[in-house]
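To start, the structure itself, in structure tokens.
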Amino acid sequence: MPETRADNVLMQKVRDGDLAKMAVLFERHHRALFRYFLRLTGNREFSEDLVQDVYFRMLKYRHTYRDGNPFTSWMYQVGRNAHLDGVQKRKGEAPLFEERMEEPASAEPDPSEILRRRQDLGLLRRALAALPVEKREVLVLSRFQNLKYEQIADILACDVGTVKVRVYRAIKALSQIFFELAGEKAS
């Protein structure tokens, strides 16, 4: 998701009282935020609720947005807090990752190749779901949301070097789980 100065300016206007500008930010970013939550939780309904909660929180806490801070970093910080609060509230309820995420359409005409890809994608989803939330979160932010390590460091309130280590460890753990699920040894 490309960071734009326009988003920063829009959020500054929202912070300063022009609440109608939040609609523009919602249109630009709600899909990416939804995908972030869906990959963290595996639950569409919960993810939709979290997106709404994030935009309510951004309005409520708009005074905390600072000039010069990237809007998306701030948005994901708010989102991260909403996710943690939401998971805490749902303790004892049905487990997350109960719903299937949509699979991308394949242009491959070969049915065996399509089946293999779906099986690998299913294993990858199961492996991602088996990761602890801290590791899953850093992978979702870096690999699926395409955020830079600097932005992730802002979101997680840590150093860039720490983010790099966390991503490395998360990928290693994901690989190990994937190969265990596939019945193979990780190399």
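The values are calculated or read from the model by the stated rules, or taken from the named source; none is laboratory data. Keep in mind that this is a model prediction, so the values were computed, not measured. All Cβ positions, even for glycine, are placed from backbone atoms using ideal geometry, and neighbour counts span all protein chains on display. Side chains included, ligands, DNA and RNA excluded: accessible areas come from the protein's heavy atoms. Shrake-Rupley method; radii C 1.70, N 1.55, O 1.52, S 1.80 Å.
Points to keep in mind about this one:
- 14 Å cut-off, amide nitrogen to a point 7 angstrom out along residue 85 Cα→Cβ, residues in the stretch 46-72: 49-64
- Anisotropy class of the stretch 138-186 from Cα gyration tensor, a/c 1.5 cut: prolate
- Mean Cβ count within 10 Å, highest first, over the residues of peptides 40-51, 127-138, 69-80: 69-80, 40-51, 127-138
- Over 20 Å between alpha carbons, listed pairs 135/164; 21/60; 21/148: 21/148
- In a fully extended conformation the segment linking residue 146 and residue 64 would gain 27.1 nm over its present Cα-Cα distance, using 0.36 nm per residue.
- Note, ³J(HN,Hα) from phi for the stretch 140-152, Karplus 6.51, -1.76, 1.60, rounded to Hz, x at Gly and Pro: 4, 5, 7, 9, 9, 8, 6, 7, 6, 4, 4, 5, 5
- Short-range pairs are left out: with C-alpha atoms under 8 Å and at least six residues apart, the relative contact order of the stretch 132-187 is 31 percent.
- Ligands, DNA and RNA are left out, and with a 1.4 angstrom probe the accessible area of the stretch 35-75 is 46 Å² per residue.
- The shape of the stretch 44-85 comes out prolate: with a ≥ b ≥ c from the C-alpha gyration tensor, a/c is at least 1.5 and a/b beats b/c.
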